[in-house]
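A short write-up of the structure that comes next.
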């Protein structure tokens, strides 16, 4: 474990963005001491787990990991996915990353030299949520459909009360002469 810590400390100090893909046979869903120690160690190094659900359905464990550091996971720069198909004994996992400095990707996405900021009007959101009927959530008999209804209603209200502002970024180029 000491060698693991030394190697990790070195690798995490050398770059700004780090992605750790691990298959360490440590079940992230398990609350045993070794698992908690591993997760605490990763968090101490500044890493965040982006795969936190079952990746091995036969054992109902999460043995396949993506830990990331230096990415803005709150602004959707990076997402982890579990592909629910049985190609092997575990589900494939995938990590997607948007590089805001990659001009080719931005041109493809129609976002050349533009960035978006989203602002939620929480006062209006609160008012609209108070006015919502919530019938599908409270009067259902299936917890999955009730949860799905809650998420859909909540996301709909967030979208209604969000303003998107497009910011132009300065072009960086060489000076002539």
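We did not get these values from a lab; they are worked out from the coordinates using the rules stated. None of these values were measured; they are calculated from a predicted model. For neighbour counting, all protein chains shown are included, and Cβ atoms are generated from backbone atoms with ideal geometry for every residue, glycine included.
In plain terms, the chain from residue 120 to residue 146 could stretch by 6.9 nm, reckoned as 0.36 nm per residue minus the Cα-Cα distance. Ranking of 118, 48 by neighbouring Cβ atoms within 10 Å, starting from the fewest: 118, 48.
Here the gap between residue 159 and residue 58, fully extended at 0.36 nm per residue and compared with their Cα-Cα distance, gives a gain of 32.6 nm. Using the alpha-carbon positions of segment 113-168, Rg (one decimal) and Dmax (whole number) come out as 14.8, 49 Å.
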